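Nothing in this text is a laboratory measurement; each read-out follows from the coordinates by a stated rule. Note that the structure is a prediction, hence the values are computed from the model and not measured. All Cβ positions, glycine included, derive from the backbone under ideal geometry; neighbour counts span all protein chains shown.
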Amino acid sequence: MHTAKQITVNFANKPGRMAAVLDALNKAKVNLLALCVMNSRDRGRLRMVPDDAQAAEKALQRVNIPLELTEVLLVDVSHQPGAFAKTCQRLAEEHLNIDYAYCSAAPGRGPQGGALAVIRVNDLAKAQRVLSSGNTSGHRDVRPGRRPVHAR
């Protein structure tokens, strides 16, 4: 698990707009670790985690594509039922809100492959501490005076 820069591009929801963004990255030889596309009626939103955020930012600026940079958490998630749910549960138990999340297939990660989860949370440093604490036993770490977010 580590943090990374995510690039968000908003564009008119018209043919060729997303292709132009991706073409600019291709010409700069920027590889994407994860990508998510959403739309709302006439606007598209492309969120992506490049392997080289600085090169991606420069490539998009060269072709006048406005962008936002956001720090996100990248978490390796095993390829088994409930794996991502456990990650979300650990964050919830510590009262961390997930603003949004998306995953990218990660072939070759471990013996059974897996996924790379991109997570935007309200407190990135705390989320890193929670997820790196190694509490994979499934038992909650409930401190005195704190109530769990929800019962199991």
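Taking a straight Cα-Cα cut-off under 25 Å and skipping sequence neighbours fewer than 8 places away in the same chain, the lysines within cross-link reach of residue 58 are 5, 14, 27, 29.
Whole-Hz Karplus values for the range 90-105 come out as 4, 5, 5, 4, 9, 6, 9, 8, 8, 5, 6, 8, 8, 10, 10, 4 Hz, taken residue by residue from phi with 6.51 cos²θ - 1.76 cosθ + 1.60 and θ = phi - 60°; glycine and proline positions read x.
Spacing of the modelled spin labels on residue 41 and residue 23, each 7 Å from Cα toward Cβ, amounts to 2.9 nm. When the P(r) of the range 72-131 is calculated, the portion above 17 Å amounts to 34% of the C-alpha pairs.
For the range 2-71, the share of alpha carbon pairs falling in successive 5 Å distance bins from zero is 4, 18, 32, 27, 14, 5, 1 percent.
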